[in-house]
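The values are calculated or read from the model by the stated rules, or taken from the named source; none is laboratory data. On a predicted model such as this, the values are computed, not experimentally measured, just so you know. For neighbour counting, all protein chains shown are included, and Cβ atoms are generated from backbone atoms with ideal geometry for every residue, glycine included.
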Amino acid sequence: MTAWHEAGHAVVYVLQGRSLRYVTLRPRGTGRAGFTAVRPRAVELSTVAVVAHAGPLAQARHVLDTTSDIELRREGITADDVRLDAYLHGGHDDLQLIAQARRAYGLPARQADPWAGMAQDLLDRYWPQVAQIAAGLLEHRTLTGQQVRHYLDAAPTL
């Protein structure tokens, strides 16, 4: 699942015009199974929030795509449960970034933020490339920014 999580981050980083150094499944620090490294530059906090949502949302979509409806019903699990689990068990840093953006923009606790929808839209439009990048990560453990851009450059224009 980490491959899809990190692939989601990487795709949205690049689609937003950010400079990706690499994405890896090699652990970095305590509790991290993967990492997406970008070249530092000033960006809007809202842009960071969209990228933060992309990892857990890609992870959840992969789980939902590979789990039968029968299995979900048997376990009493909904699609919302899968999404929440992706944020809670793989998106700790992501949740912190999203919370920081929510505070900065003064969003009330019960109000949905707009960034999840933006991330989901990008993931839906580029899902085949997210899957290719995840497969590349599973095979090679690390992909460079150039390799990620290659997958996206080969994508049909939507």
- What do you reckon, is A3 under 21 Å from Y151 (Cβ atoms), modelled with pLDDT of 90 or more and in contact with a Phe, Trp or Tyr (Cβ under 6 Å, 6 or more places away or on another chain)? no
- Message: Yes or no: segment 74-85 includes at least one residue that is under 13 Å from the mean Cα position of the chain (by Cα) and either aliphatic (A, V, I, L, M) or within 16 Å of W4 (Cβ to Cβ) (or both).
- Response: yes
- Do we find a residue being surrounded by fewer than 22 Cβ atoms within 10 Å (Cβ to Cβ), touching a residue at least 40 places away in the same chain (Cβ under 8 Å), in a helix (DSSP H, G or I) and not acidic (D, E) anywhere in segment 76-91? no
- Verdict on D65 being surrounded by fewer than 16 Cβ atoms within 10 Å (Cβ to Cβ), in a helix (DSSP H, G or I), over 13 Å from the mean Cα position of the chain (by Cα) and modelled with pLDDT of 95 or more: yes
- Message: Looking at V148, V43, V51, V130 in this structure, which one is part of a loop (DSSP other than H, G, I, E, B), in contact (Cβ under 8 Å) with a residue 12 or more places away in the chain and under 17 Å from A10 (Cβ atoms)?
- Response: V43
- Message: If I ask for residues that are aromatic (F, W, Y) and surrounded by 15 or more Cβ atoms within 10 Å (Cβ to Cβ), which ones from segment 96-119 would you list?
- Response: W115
